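These notes are about the structure you will find just below.
The values are calculated or read from the model by the stated rules, or taken from the named source; none is laboratory data. None of the values given here were measured: they were computed from a predicted structure. Cβ placement follows ideal geometry from the backbone for every residue including glycine, while neighbour counts extend to all protein chains displayed.
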Amino acid sequence: MKVYVDASGAVQGDNDMDITFRSRNKKDFIAAYDGNTKDLLWAGAKNDNNDQKVSGFKIEGKDGTWTAAFKGETTGTDYVGVVLFNDLGDGKKTMTALCLQDH
């Protein structure tokens with residue numbers, strides 16, 4: 001699975017974010033869940049030629065570090081991941097990492 005955040009989402013002033021998914025290896029992307037709330041945010045079937053932007057992943061913070069967690073399901077392997085943000089000190093957060101792991 002390919003997962004990415006648009007450049008416009010790399011700095012966040014809000015408490016939720018968008019993540020774009022695309023399956024690989026001729027598998028379909030079928031569902032996206034918020035890893036923090038466990039809410040289903042998108043369900044359908046997108047083949048590995050089509051990106052799917054999913055909105056509403058909650059960003060939760062503690063001690064100047066913020067995370068948005070996600071789960072992406074395909075017709076093959078399921079994936080979990082986290083987007084890590086650090087506080088810029090002006091009410092905004094900057095993305096420092098996006099980690100993905102097959103589950």
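Of everything in the stretch 78-96 that's out of contact with any Leu (no Cβ under 9 Å at 6 or more places or on another chain) and among the hydrophobic types (A, V, I, L, M, F, W, C), which residue is farthest from E60 (Cα to Cα)?
Going through the stretch 78-96, the residues out of contact with any Leu (no Cβ under 9 Å at 6 or more places or on another chain) turn out to be 78, 85-93.
Cutting the leftovers down to among the hydrophobic types (A, V, I, L, M, F, W, C) gives us 85, 88.
Values: F85: 10, L88: 15 Å.
Residue satisfying both the conditions and the ranking: L88.
Quick check on the stretch 49-79: of everything there that is β-branched (V, I, T) and closer than 16 Å to M17 by Cα, which residue is modelled with the lowest pLDDT?
T65
For the stretch 8-31: of the residues being under 19 Å from Q101 (Cβ atoms) and among the hydroxyl-bearing types (S, T, Y), which is surrounded by the most Cβ atoms within 10 Å (Cβ to Cβ)?
Among them, the one singled out is S23.
Test of understanding: among D63, D34, which residue is surrounded by 16 or more Cβ atoms within 10 Å (Cβ to Cβ) and not aromatic (F, W, Y)? First the steps, then the outcome.
Working: D63 fails: surrounded by 16 or more Cβ atoms within 10 Å (Cβ to Cβ).
Answer to the check: D34.
Please pick out the residue among A32, A69, A45 that is more than 22 Å from N15 (Cα to Cα), in contact with a strand residue (DSSP E or B) (Cβ under 7 Å, 6 or more places away or on another chain) and hydrophobic (A, V, I, L, M, F, W, C). Outline the logic, then answer.
Numbers: A32 fails: more than 22 Å from N15 (Cα to Cα); A69 fails: more than 22 Å from N15 (Cα to Cα).
Every option except A45 fails the conditions.
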